[in-house]
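Just so it is clear, none of the values below were taken in a lab; they were calculated from the coordinates. As the structure is a prediction and not an experimental result, all values here were calculated from the model. Every residue, glycine among them, receives a Cβ derived from its backbone with ideal geometry; neighbour counts consider all protein chains shown.
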Amino acid sequence: MSEQRIRTIDGKERGLDDAVIDKFASGLRGQLLRRGDPGYDAARKVWNGMVDKRPALIARCAGTSDVVDAVRFAREHDLLVSVRGGGHNYAGKSVSDGGLMIDLGSMKGIQIDPARRTVQAQAGLRLGEFDRETQAFGLATTLGVNTDTGIAGLTLGGGYGWLDGKYGLACDNVLSAVVVTADGRVLTVNADENDDLYWGIRGAGANLGIVTSFEYRLHPVGPVLGGMVIYPISKGRDVLRCFDDFSSTCPDEVSTAALLLTAPDGNPAVALAACYTGSLEQGERVLKPLRTFAQPLADLIAPQPYTQIQTLFDEAWPPGRRYYNKSSIIRRLSDPAINLLLTYGRALPTALSAIALQQLHGAASRVGAGDTAFPHRYDHYSIYVHPATDDAGESEKIVRWGRECWDALQPVVERAVYVNALEDALAEGEGRVRDAYGPNYARLVTIKKKYDPTNFFTSNQNIKG
Ligand SMILES: Cc1cc2nc3c(=O)[nH]c(=O)nc-3n(C[C@H](O)[C@H](O)[C@H](O)COP(=O)(O)OP(=O)(O)OC[C@H]3O[C@@H](n4cnc5c(N)ncnc54)[C@H](O)[C@@H]3O)c2cc1C
């Protein structure tokens, strides 16, 4: 009898009969892939080219009932499970060696109610797909800044984006969700039903169940005024000072980012990015200081459809490249912080590398720290130390550089990190998950024990009960 080599949840390897697997496959509406099947290699690949894992089985779920079957099958056979939304996670938590990947990528249903300004969206949608549909009605909600990111992983960790100053994080706009729990139940979670789980999935969702669809609140959005202004690094000190002063006082309609990167001419540069959501005339006035305080190398800020600003970083961070990421949260850019950013910005290990700061403020920081599992409710920037290469031979070099830069930044950052920006808490140390949840960690342990007492959902930035 033939069998597949599988990995169990406690890390052991053993065989599983093909006949048992066939029976599971025949019950699914979606497809089940094994090693060697056509499409297997494409399905196991994730955004970060550093991650190269081979699950034993990939269940390409077509709906919630497939997800329930996959959870029950995994439980019955003690299979290690990973859950894939968009596969965009830095640490590659959506794929494991030898486990069952529950792949939601085919679940792309989306239904907009323009009168109520809400949308029902399945968990396999990517940002670009979601925005395209909601923008057909002139509506949007906060999501991240790369169109190929999955809405699920992003929302379940928090979800920073261009609209967070005005409309809060992605998770703040979740009105309701459908969750498949570790014991295979299907629960609706919202403010009235299963409210503890509703609280938990808004920041720590990957630990608590599999969300198969979300209901989000939508807002009228676009066109927006946005884009990037690029300055030479020789002006870096003034640029970052201006950026920080601007960001600390800007209205909710603006969200900002700053990047230390390599300009198209090959020289290090500082880019400021912003998006204004509201009247374009007013936006021109508000964004002026970012564009005029010195002579830029390029000013690419312009009125544009919201779906266009959402593509701003797509070219810079394509899927399949080898990336490393270390992250922390910083409240303001002090002189020592600016010095460190410029020192490392001048010494990026490759021209594809960057250090990026993404702003959280306004509506997103007015939510109480204990109101959702996402706890970092104060004005700040999430720093991404983000080296990258297309050359496998440079992998060690970029990792070393990323760690060194992050270590150097420690005196100026908070002991806090956005969970979705963590590289791999297993490698970084369990304390980093605590840093990601701060004062909410203890409550999350209680909720984890209630909904996932055996730590069935383990391929994530794991909360240990
Ligand atoms: C280039 C780049 C830009 C980014 N920009 C932003 C940004 O602007 N704002 C921001 O907030 N974040 C941003 N991120 C971080 C992003 O939020 C995370 O990478 C997020 O994990 C991606 O979600 P995903 O569904 O694509 O990932 P996946 O790798 O599929 O999943 C990530 C984690 O969530 C779990 N998961 C996925 N789907 C589900 C589900 N339906 N139910 C339960 N668990 C699930 C997975 O098991 C895994 O642990 C960015 C990341 C990158 C690489």
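Table for the structure above
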{"quantity": "Convex hull (Cα only) mean projected area of the range 1-57, reported in nm² to one decimal", "calculated": "5.0"}
{"quantity": "Residue-span extension gain [Glu76 to Lys288] - 0.36 nm each, minus C-alpha spacing", "calculated": "70.3 nm"}
{"quantity": "Least to most buried among Thr311, Thr142 (fewest other Cβ within 10 Å first)", "calculated": "Thr311, Thr142"}
{"quantity": "Likely footprinting exposure, Thr350, Thr141, fewest C-beta neighbours within 10 Å first", "calculated": "Thr350, Thr141"}
{"quantity": "Computed lengthening from Ala42 to Asn339, 0.36 nm per intervening residue step minus Cα-Cα distance", "calculated": "102.7 nm"}
{"quantity": "Fraction of antiparallel bridges per DSSP, the range 3-103 only, in percent to nearest 5", "calculated": "55"}
{"quantity": "Rounded to whole Hz, the Karplus (6.51, -1.76, 1.60) HN-Hα couplings of the range 26-36, x for glycine and proline", "calculated": "5, x, 7, 7, x, 9, 10, 10, 10, 3, x"}
{"quantity": "Added length on full extension, which subtracts the Cα-Cα distance from 0.36 nm per residue, Leu300 to Lys450", "calculated": "49.0 nm"}
{"quantity": "Euclidean distance of C-alpha centroids, the range 50-92 and the range 286-352, integer Å", "calculated": "34"}
{"quantity": "Viscosity 1.567 mPa s, 4 °C: Kirkwood-radius Stokes-Einstein D of the range 125-223 over Cα pairs, µm²/s", "calculated": "96"}
{"quantity": "Cα-Cα pairs of the range 208-341 separated by more than 19 Å (percent)", "calculated": "58"}
{"quantity": "Dipole axis of the chain (+1 Lys, Arg; -1 Asp, Glu on Cβ), positive-most option in Gly222, Ile201, Ala59", "calculated": "Ile201"}
{"quantity": "On Cα atoms only, tilt of 280-292 relative to the major axis of the chain in degrees", "calculated": "70"}
{"quantity": "His361, His386, His77 arranged by Cβ crowding within 10 Å, fewest neighbours leading", "calculated": "His77, His361, His386"}
{"quantity": "For the chain, the Rg and Dmax computed from alpha carbons only, in angstrom", "calculated": "21.8, 73"}
{"quantity": "Contact order relative to length of the chain, as percent, for alpha carbon pairs under 8 angstrom and 6 or more apart", "calculated": "15"}
{"quantity": "Gap separating the Cα centres of the range 368-382 and the range 404-465, nearest whole Å", "calculated": "14"}
{"quantity": "The range 296-337: C-alpha gyration tensor shape, a/c 1.5 cut-off, then a/b vs b/c", "calculated": "oblate"}
{"quantity": "P(r) histogram, all alpha-carbon pairs of the range 3-103 included - 5 Å bins from 0, percent", "calculated": "3, 14, 26, 27, 20, 8, 2, 0"}
{"quantity": "Peptide ranges 171-181, 269-279 listed from the most packed, as the mean C-beta count within 10 angstrom indicates", "calculated": "269-279, 171-181"}
{"quantity": "Amide hydrogen neighbours beyond the local backbone of Ala298, cut-off 5 Å, H modeled", "calculated": "Ile230"}
{"quantity": "Karplus (6.51, -1.76, 1.60) ³J(HN,Hα), θ = phi - 60°, over the range 327-337, in Hz, Gly and Pro reported as x", "calculated": "9, 8, 10, 10, 7, 9, 9, 6, 4, x, 5"}
{"quantity": "Estimated vicinal HN-Hα couplings, Hz - the range 114-126 in sequence order (Karplus 6.51, -1.76, 1.60; Gly, Pro = x)", "calculated": "x, 5, 7, 6, 9, 9, 9, 9, 6, 6, x, 6, 9"}
{"quantity": "Directionally averaged projected area (convex hull, Cα atoms, the range 224-434), nm²", "calculated": "11.9"}
{"quantity": "Given Lys108/Lys166; Lys53/Lys448; Lys12/Lys448; Lys166/Lys449; Lys288/Lys397; Lys23/Lys53, the pairs whose alpha carbons are separated by over 31 Å", "calculated": "Lys166/Lys449; Lys288/Lys397"}
{"quantity": "Given charges at Cβ of Lys, Arg, Asp, Glu: the chain dipole, positive-most of Phe293, Gly161, Ser328", "calculated": "Ser328"}
{"quantity": "Sites Asp314 and Arg117 - FRET efficiency at Förster radius 35 Å, r taken between beta-carbons, to 0.05", "calculated": "0.80"}
